[in-house]
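Single-structure report; data block below.
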Amino acid sequence: MLRLAILTLLAISAASCAGPLTQPKRPFPFTEFGSQAGLEARQPTDILVAPVHDQSGTERVPTQTFQKAVVTGLVDRLYSPLVGAPLEAEEMEASMMISSDGIFQIVVTRWDETHLTGAGKIEIEAEARLVDGADSNRALLWGVSMGRAIEISSRLRQQLTATEVRMRAAQGFVKELLALVPERDPLATP
C-alpha cells in the first residue's frame, strides 16, 4: 500500500515536471492564408476537384496524378470529391457551375528536377485553395502555399521510368499538402 502511494506521487511529480504538451512542428515550410472560420461555418461536403494548373514552365508536372491524389486525400479528410475533367480555359468557368459545396484548386508554381539525378530530389512549390462553390464570388474558405523537396531513393529511381518518378513525387507532395487541410466535421451542420 505504501509502495503504491509512493509510486503514485512519483508519477504525478514526473508528469508535472514534463511541462505542458505542445503541438509537433511541421517538418516543412508552408503559409496558410484566409480564415478557417469560413470553412468551419460552411462545412462543405461535396468538393469539385478542379484540373491542376501548371505554371512552373517545365511542362513536366503530372497534373492528372496531382488531381487523382487530391481526390484520394480529400476522401481521407472526410470530404466527397467530384472530379473536374481537364478542360480548355474557356470551358473551365462552365465546369465550375457543377453543383458543389466547394472547389479545390491547385496551381503548381515550381517543379525543379535539377537535383534528381544526384540527390534524388524534386523541388515542388504550389498553392492550394478551397473556395465556396455556392458563392458566385468564390469566397476563400481555406488556402495554403507550400514548398517541399520530395526525395526519391536511388534504388526506386532505378526501378521506375522518369514519368513514374514524377508521379511518385506528385503523390508525396499532395499527401503532405492535404495533411494541412482541416478535416471535415461530419456532425457539424452548416
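The values are calculated or read from the model by the stated rules, or taken from the named source; none is laboratory data. Model, not experiment: these values are computed from the prediction. Cβ coordinates were reconstructed from backbone atoms using ideal geometry, including for glycine residues, and neighbour counts include every protein chain displayed.
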Legend entry - Long-range neighbours under 7 Å by Cβ, at least six apart or interchain, first residue closer than 18 Å to Ala69 by Cβ and in contact (Cβ under 8 Å) with a residue 12 or more places away in the chain within region 152-165, second of a type in the set (A, V, I, L, M, F, W, C) and part of a helix (DSSP H, G or I): Ile152/Val165; Ile152/Ala169
Legend entry - Which listed residue is modelled with pLDDT under 95 and within 18 Å of the chain's Cα centre (by Cα), from Val108, Val131: Val131
Inset, instruction - Name every residue in region 160-190 that is more than 10 Å from the chain's Cα centre (by Cα) and within 16 Å of Ile103 (Cα to Cα), in order of residue number. - result: Glu183, Arg184
Legend entry - Any hit, region 87-94, residues being of a type outside the set (Val, Ile, Thr) and at pLDDT 90 or above: no
Legend entry - Residue list for region 97-151, filter: out of contact with any Leu (no Cβ under 7 Å at 6 or more places or on another chain), small (Gly, Ala, Ser), assigned to a loop (DSSP other than H, G, I, E, B) and in contact (Cβ under 8 Å) with a residue 24 or more places away in the chain: Ser99, Ala119, Gly120, Ala134, Ala139
